[in-house]
Amino acid sequence: MTYRVHRTFRMRRGLTLLRSLLLPALMGLSGGVMAGPWHAAEQNTSGWYYMTPDERIEHQRRMRSFATYEECKTYRAEHHAQMAARARQQGVELQPRPKSGCEQLRRRGKFQ
């Protein structure tokens with residue numbers, strides 16, 4: 001009987017540890033409460049494939065630097081036009097991304 005109680009305790013402790021490690025990881029993947037600062041990525045950046053690594057870093061820096069939503073939207077439109085021109089040079093029609101970085105930043109309360 002003592003062995004069974006000890007074994008049950010160890011299993012519960014193991015499950016608790018597993019939950020405490022997995023839950024934050026899963027929340028981070030799903031964009032949950034524990035999400036960090038906004039970052040430029042393929043999913044939210046038009047023309048991602050037409051940017052150099054340095055341009056991607058600069059784009060992310062600029063997106064994080066705007067004080068107003070309007071500044072962000074203006075930059076995003078200019079950036080999309082520039083990336084669309086690069087895509088056309090390669091015979092590709094660039095479509096805007098459904099997830100706007102400006103919208104994501106606005107939902108996070110970044111803008112005034």
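The values are calculated or read from the model by the stated rules, or taken from the named source; none is laboratory data. Owing to the predicted nature of the structure, the values given are computational and were not obtained by experimental measurement. Don't worry about glycine lacking a Cβ; one is built from the backbone with ideal geometry, like all the others, and counts go over all protein chains shown.
Quick one: how many residues across region 96-112 are free of Cβ contacts under 8 Å to residues at least 24 places away in the same chain and within 19 Å of residue 42 (Cβ to Cβ)?
Filtering region 96-112 down to residues free of Cβ contacts under 8 Å to residues at least 24 places away in the same chain leaves 98, 103, 107, 109.
Then drop every residue that is not within 19 Å of residue 42 (Cβ to Cβ), which leaves 98, 103.
Total satisfying the criteria: 2.
Assuming residue 28 fulfils every condition listed in (1) modelled with pLDDT of 80 or more; (2) surrounded by 10 or more Cβ atoms within 10 Å (Cβ to Cβ) apart from one, which condition is it?
Tallying (1) modelled with pLDDT of 80 or more; (2) surrounded by 10 or more Cβ atoms within 10 Å (Cβ to Cβ), residue 28 fails exactly one: (1).
Residues in region 75-103 that are assigned to a helix (DSSP H, G or I) and closer than 20 Å to residue 49 by Cβ: how many?
If we filter region 75-103 for residues that are assigned to a helix (DSSP H, G or I), which is where we start, we get 75-89, 101-103.
Filter again for closer than 20 Å to residue 49 by Cβ, leaving 75-89, 101.
So the count comes out to 16.
In region 46-93, what residues are under 18 Å from residue 107 (Cα atoms) and of a type in the set (Gly, Ala, Ser)?
Correct list: 65, 67.
Of the numbered conditions (1) surrounded by 10 or more Cβ atoms within 10 Å (Cβ to Cβ); (2) modelled with pLDDT under 85; (3) in a helix (DSSP H, G or I), residue 40 fails exactly one; give the number of that condition.
In the conditions (1) surrounded by 10 or more Cβ atoms within 10 Å (Cβ to Cβ); (2) modelled with pLDDT under 85; (3) in a helix (DSSP H, G or I), residue 40 misses (3) alone.
Collect the residues in region 54-103 that are among the acidic types (Asp, Glu) and closer than 20 Å to residue 39 by Cα, keeping them in residue-number order. Break it down into steps so the answer makes sense when it comes.
At the first step, the residues of region 54-103 found to be among the acidic types (Asp, Glu) are 54-55, 58, 70-71, 78, 93, 103.
Matches in region 54-103: 54, 55, 58, 70, 71, 78, 103.
Taking residue 86 as the residue in question, decide whether it is over 14 Å from the mean Cα position of the chain (by Cα) and at pLDDT below 75.
Details: over 14 Å from the mean Cα position of the chain (by Cα): yes; at pLDDT below 75: no.
So residue 86 fails the test.
Return the pair list, or none, for Cβ contacts closer than 7 Å from residues in region 51-66 that are under 18 Å from residue 86 (Cα atoms) to residues that are at pLDDT 90 or above and not in a helix (DSSP H, G or I), at least 6 apart or on different chains.
59/51
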